[in-house]
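Participant: I'd like to ask you about the structure that follows.
Each reported figure results from applying straightforward, stated rules to the coordinates on display, with no laboratory input. The shown structure was predicted, so the numbers you read here are calculated from the model rather than taken from an experiment. Neighbour counts run over all protein chains shown; Cβ positions are idealised from the backbone, glycine included.
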Amino acid sequence: MTAAHNNIADLIPDLIAIRRDLHANPELAFNEHRTAGIVANALRLLGLEVHEGIGGTGVVGTLRCGSSARSVGLRADMDALPMIELGQSSYKSRTSGAHHGCGHDGHTSMLIGAAQQLARTRSFDGTVHFIFQPAEEGQGGGRAMLKDGLFERFPCDAVYALHNWPDLPLGQAQTRPGAIMAAADRFDITLRGRGGHAAQPHYTPDAILAASQVVTALNTIVSRRIDPGESAVLSVTRIEGGHSHNVLPAEVSITGTVRSFDATSQDRIEAALRDTVQGIALASGTTAEVSYVRYYPATINSAAEAALALAAADAIGLQASIAPRPAFTSEDFSFLLQQRPGAYLWLGQGRANPGADGERPLHHPCYDFNDEALHLGVRWFCEVAERELARAAPTLSSIPSSDPS
């Protein structure tokens, strides 16, 4: 363990206060004005170069030490989810319809803590860019920062991020080379007939029957069009049409999501979906429109950086292992990893005694970040920065592989 990890304990009370303040005052995508202001002020107090308004409400703080031209980016997301919090903590959300149900309040606080620690120890040679990103929850804040010149203005040899992971116990960490999080696609299908009396179905194409056939057929695409050795998920999440018991509606809409890990699977699923819908529409006499949007690519770790991320976790005392499989959830850190090598780490935060209802998963209305993980995130960010700037990248063979489940 390097010098940058000594004396972190004195930072934690203030970081807990920041985290709970952010939790009580959540802000949605591209509206993180108060949060961004807190971040910018905290970084300015450390003497960092601070740049605001990047990609909307993004903030980047830059810390330089020594003479090396090498640089590293450390990223945290700031936005909350558009949902109502049902938790009963003293710091529960005061904003109607917004809740830090994914722990971004914790990520932001940990990266502030890493900036504080590295600013006072300066036990590295090079440049650290602290990247505070808006709008991770489905709105592409990472992509917005890139379009605003993130890596042109703040060059990074590699970039790293973490996510709290309730599925892993506190004190464990995992990542893997290659895919760690899935690509996320959304499809919207509209089937149209003419509408008519339910007692006279022979006068109008039945859009509801066609929609039912579409839903059934879509659920065979992954099992029959994708290589069994690959992984993908297609889920229909909404079907809507009709307003009366005796009227055949003129229009029915279907919405869903597709998750996969490589572009070939994405291409095949999208083509099969379009063919399936058009075939059923033709057979049923309806017409169909399909919108298919690939809004987040898969999150792909580069091998050397994944190894470094795990070695850093091991060095600070975490039980670090290679994740046995990627997750089907998505993450817009993927956009940054398309531009630079880097890695995304799952940091365990599962509580030893989660209570009668069990551990609250991410996006649960009662979810709350575990403050006991704050010091671990700070230490990991610091260790990663020092190792990356020193080019101390290990090989994957040195990292144990285990499945904590």
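Participant: Most mobile of 329, 127, 175 per a Gaussian network model of the chain (Cα springs, under 10 Å)?
Facilitator: 329
Participant: Taking the beta-carbon count within 10 Å as an exposure proxy, list 187, 30 from fewest neighbours to most.
Facilitator: Working: 187 22, 30 17.
Neighbour counts put them in this order, fewest first: 30, 187.
Participant: Given the Cα-Cα distance of residue 41 and residue 152 and 0.36 nm per residue of separation, how much length would full extension add, in nm?
Facilitator: Working: separation 111, 0.36 × 111 = 39.96 nm, distance 2.39 nm.
Extra length from residue 41 to residue 152 when fully extended: 37.6 nm.
Participant: GNM on the chain, C-alpha springs below 10 Å: top fluctuator among 232, 281, 173?
Facilitator: 281
Participant: Could I ask something else about it? Using the Cα centre of the chain as the reference point, and only Cβ charges (+1 on K/R, -1 on D/E), how large is the resulting charge dipole? Debye, rounded to the nearest 20.
Facilitator: Numbers: 32 positive and 43 negative charges, 55 e Å.
With Lys and Arg at +1 and Asp and Glu at -1, about 260 debye.
Participant: Something else now. For segment 31-120, which trypsin sites (Lys or Arg not before Pro) pass both filters: DSSP loop (anything but H, G, I, E, B) and at most 13 other C-beta atoms within 10 Å? Working shown, then result.
Facilitator: Working: sites: 34, 44, 64, 70, 75, 92, 94, 120; in loops: 70, 92, 94.
Sites meeting the loop and neighbour criteria: 94.
Participant: While we're on this one: Restricting to Cα pairs below 8 Å that are 6+ residues apart, what does the relative contact order work out to for segment 187-296? Please round to a whole percent.
Facilitator: Values: 190 pairs, mean separation 45.0, N = 110.
Contact order relative to length: 41 percent.
Participant: OK, next. Among bridges DSSP assigns within the chain, what percent are antiparallel (round to 5)?
Facilitator: Details: 47 of 72 bridges.
Of those bridges, close to 65 percent are antiparallel.
Participant: Once the dipole of segment 211-349 is set up with Lys and Arg at +1 and Asp and Glu at -1 on Cβ about the Cα centre, which of 212, 273, 243 lies farthest towards its positive end?
Facilitator: My answer, from the dipole projection, is 212.
Participant: Subtracting the Cα-Cα distance from 0.36 nm times the residue separation, let me have the gained length for residue 282 to residue 215 in nm, one decimal. Before the final figure, lay out each step's value.
Facilitator: Values: separation 67, 0.36 × 67 = 24.12 nm, distance 1.57 nm.
My answer for the length gained is 22.6 nm.
Participant: Take every Cα pair under 8 Å in the chain that's 6+ residues apart, average their separations, divide by the length, and report that relative contact order as a whole percent.
Facilitator: Numbers: 946 pairs, mean separation 97.8, N = 405.
Over the chain, the number comes to 24 percent.
Participant: Please find, in a Gaussian network model of the chain (springs between Cα atoms separated by less than 10 Å), the residue of 378, 247, 233 whose mean-square fluctuation is greatest.
Facilitator: Looking only at 378, 247, 233, the largest GNM fluctuation is found for 247.
Participant: Which of 91, 344 comes first, and how do the rest follow, when ranked by fewest Cβ neighbours within 10 Å? If you can, show how the numbers build up before the last one.
Facilitator: Working: 91 18, 344 25.
Ordered from fewest to most neighbouring Cβ atoms within 10 Å, 91, 344 come out as 91, 344.
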